[in-house]
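Below is one structure, written out as structure tokens; the observations come after it.
The values are calculated or read from the model by the stated rules, or taken from the named source; none is laboratory data. Just so we're clear, the structure is a prediction, and the values are computed from it rather than from any experiment. All Cβ positions, glycine included, derive from the backbone under ideal geometry; neighbour counts span all protein chains shown. For the accessible areas, the whole protein counts, side chains as well, though only heavy atoms, and no ligand, DNA or RNA atoms are used. Shrake-Rupley method; radii C 1.70, N 1.55, O 1.52, S 1.80 Å.
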Amino acid sequence: MSDTTDTNPSAKAVPARPKARRKAKRKPAKGKDGAPAKARGKPLVIVESPAKAKTINRYLGGAYVVKASVGHVRDLPKSKLGIDIENDFAPSYMTIRGKKDVIKDLKQASAKAKVVYLAPDPDREGEAIAWHLKEALEIPDERVRRVTFNEITKKAIQHAFEHPRDIASNLVNAQQARRVLDRLVGYKISPLLWKKIFRGLSAGRVQSVALKLIVEREREIRSFKPEEYWTITAYLGQEKLDAQDAAQLAQFLKDYHGAAREQKAEVTDSDDAVKEEDVEPVEEKQEKARLPRGVFYADLKRYKGQAPVLPDRAAVDEVLAHVNGRPFVVTRVETKERRDRPRPPFITSTLQQAASTRLGFSARKTMQIAQRLYEGIEIGEEGPTGLITYMRTDSVHLSDFAVNEARELIGREFGEKYLPEKGVFYKTSSKAQAAHEAIRPTSASRTPDSLANFLDKDQRRLYTLIWERFIACQMNPAVYAVTSVEVEAGEAMFRANGKRLLFDGHTRVSGLRLDPDEQLLPEMAEQQRLVDHKVQPDQHFTQPPPRFTEASLVKTLEKEGIGRPSTYAAIIGTLQDRNYALVEKRRFFASDLGMMVNDLLVANFNRIVQTDFTSKMEAQLDKIEEGELDWVEVLRNFYAIFEEELADAEQKIEKIKGRDALDEQGRPVPCPVCGEKMVERWSRFGKFFGCSRFPECKGTVPLDKHGKILRVKKEDLECPICGKELVVRMSRRGPFLGCSTFPACRGTRSLDSEKSLKQLQTEAEFAGLSCDLCGKPMQTKFFRGRPFIGCSGYPDCKNTYNPQKARAAMEEGKLKQDETARQEAIAKYERIKAEREAEAAESGTPPEVDEDAPAAVG
């Protein structure tokens, strides 16, 4: 960074505090309008990015010069705090490294321009960039104007340049207050973490609260004690089944066996109401059997006048004995119409949630793609064109023009019956930061299909999501006939629910979302006797709270008022970059390091990591923006308490690194290299034991995910490629075995102790395969939880199979398998399975199941 220094704005953007007197420069002569006499050139427009500059230049034409600052040009220094706490928290801004040439170029251009239009994004951050540009380029107030637009279209840009304004100092102060707050928390707490744990860790005002949410959920899951419960489902119909239908019903029961309703429960437990964007997309593994035509299912809802309590098989057998041989009679049929209204258009947080659950995008990726769509894409002869409105917004407001354009398209493409009597407008939350528009296409007529040749795959998928949500929000509700049927067998009452689509409404565009339990019920009348094809009991175990996905974490942060939607992507990215949280199968797992850092922060800075404190601070930032609070006073009130917390923590925090290393029996652990005692150490991959004589001796002992010494069986220490010894190595995903000759040999093997039984079973099935291209051994590997069989000769040989194709190749004789290796792998699987079942029986926990699949036995 350079030495350029400046401070904060006030009612008008205030210049820097005076520094040492410099040699006076000759001031250029001024014209009548206050501009330098030579500044008679074209007006200069400055935006943040070259892509945005290119799109805007298309609409402004040759009458303006458009240049890009390429983001911020000034920031606080990285090497020091950069805040004068004693002088009203005055920040010392410095030119960002690499931006000197940009500033030089912009200075030269601004000196020639009669007026300079600052056109960064229409939010706090954009306003701050505009102010920093004005200060860094030393542009007089009378020659600088601020222009903002919510979309990069000809109409919006013309309107913005017809109504320029001054830089809004309240917005700048709100952004500056956030920046100083974050710097104080980060630069004051992080050094404590370095001192007590290890260098390179960080704490953040919002980041630490998000980490606390993940850690608390992790502990809930780890401490959860499953409880057994049972359900009873009756499969009913109006006629007896022939042999073919009976076989189809048997196959259906085999495929589902109580899982469907449990999967639904796992989703609904995590949210007050299941919404379209909250449901994880279901992978199509294989086509399962359907119920025979005319057969439906009904769940036991009451027994002897009360909700059924079925904790064990004995209680189930009592109900089964009661209904056995009794007639199943329809006692109530109720049908109602239900209207399903479309969802509001996207705001930042709901776009991130929907893109996560439907497209598998991270919040960071979603915002990067949305930024590109906003700034402009080359659209054939049209040139660079902004395709969506500004993507950082809390508002669901829509302009009259946008609504009318959507209504015209709906009437033309789908017909009048899909069009409400008048445009649909949605109420914006009181917490919304500013009166921006919702995220929508800049033109409803630009359908996803019409842009197919100009967008890449991910751009098209995200644009389609935005376009469909916007068009659907202006359509009539979908209408369903919802039917509830109660069937009694003695004192047992079963209930079946179903719904039938009467009018598709907005689902014509947004898509028809079906509940896993929805079924089409046959026509039935009260007192009608039904045929009971099967009364099926199912054993289940209660499930722990679901892990956070990016979608559910974003939803929780927004609900609690933690941070702003525009910051969520950066917060989530930082937690992963620091290895505080790991993501597997799109779910968050708190790492040992993350839990350690969280515990230290909660014990010493509990006020800062409380959700209500963070949300109240966000409310204060909003009031600064609205001119109701003074930003310096807000910082002063915060720091008065924070300073005391820092002093207390410095004395109280126990040094984590360097404690004696103890095994499971509490005995000191000797160094495997020199025999001296070992101590606890931490790295970004978690805790391990290191020699107390480091750096003279670099002996280490790795620990498993439970913090126990990782002991590897001798038979697992042979490299599958070269036969040399394997050693334990660490990665962000945990410990693994790697060849001791690396990088000469890149052979690896997962630790059996870290694998699920399902993974071990898959490995056993495909053990001993030889590559049909090069003859080298094939290995079973897992990518994001999914197995594949790949050649150990990679990257020289890139031969791979998925399990289904591997089985087919084995049957055809294309893939050869060593039977001895297969039998050894099966024996190992059976041994590990027996060991884990014995451990489960001893601890009273249910048998191991895959974490992401519901447990259903019986």
Requested in this report: May I ask you to list the residues in region 301-337 that are surrounded by fewer than 10 Cβ atoms within 10 Å (Cβ to Cβ) and closer than 30 Å to Phe503 by Cα?
Outcome: Glu334
Query raised in the report: On the given criteria, is Gly126 among the small types (Gly, Ala, Ser) and closer than 26 Å to Leu373 by Cβ?
Result: yes
Query - Odd one out for Arg199, checked against (1) part of a helix (DSSP H, G or I); (2) of a type in the set (D, E, K, R); (3) surrounded by fewer than 23 Cβ atoms within 10 Å (Cβ to Cβ) - result: (1)
Query - Checklist (1) at pLDDT below 95; (2) in contact with a Leu (Cβ under 8 Å, 6 or more places away or on another chain); (3) buried (at least 23 other Cβ atoms within 10 Å of the Cβ) applied to Leu118, failing item - result: (1)
Query raised in the report: Out of region 379-400, which residues are out of contact with any helix residue (DSSP H, G or I) (no Cβ under 9 Å at 6 or more places or on another chain) and open to solvent by 40 Å² or more (accessible area, probe 1.4 Å)?
Result: Gly380, Glu381, His397, Asp400
Query raised in the report: For residues in region 566-580 being in contact with an Asp or Glu (Cβ under 9 Å, 6 or more places away or on another chain) and surrounded by 23 or more Cβ atoms within 10 Å (Cβ to Cβ), which is farthest from Glu218 (Cα to Cα)?
Result: Tyr568
Query - Condition check for Glu125: touching a residue at least 12 places away in the same chain (Cβ under 8 Å) and open to solvent by 60 Å² or more (accessible area, probe 1.4 Å) - result: yes
Report summary line: Considering only helices (runs of 4 or more DSSP H) wholly within region 331-438, the ones with at least 3 residues that are more than 21 Å from the chain's Cα centre (by Cα) are 400-413
Query - Leading residue by the ranking (nearest to Ile379 (Cα to Cα)) among those in region 52-102 that are of a type in the set (Val, Ile, Thr), open to solvent by less than 20 Å² (accessible area, probe 1.4 Å) and in a helix (DSSP H, G or I) - result: Thr55
Query raised in the report: Looking at (1) open to solvent by less than 70 Å² (accessible area, probe 1.4 Å); (2) in a loop (DSSP other than H, G, I, E, B); (3) modelled with pLDDT of 90 or more, which is the only condition Gly675 fails?
Result: (3)
Report task. Pull up region 612-641, narrow it to residues that are under 25 Å from the mean Cα position of the chain (by Cα) and open to solvent by 70 Å² or more (accessible area, probe 1.4 Å), then point me to the one that is modelled with the highest pLDDT. Result -> Lys616
Query raised in the report: What single numbered condition from (1) more than 23 Å from Gly186 (Cα to Cα); (2) touching a Pro at 6+ places or on another chain (Cβ under 7 Å) fails to hold for Gly82?
Result: (1)
Query raised in the report: Do the conditions hold for Phe548, that is, is it farther than 22 Å from Ile347 by Cβ, of a type in the set (Phe, Trp, Tyr) and either under 12 Å from the mean Cα position of the chain (by Cα) or not in a helix (DSSP H, G or I) (or both)?
Result: no
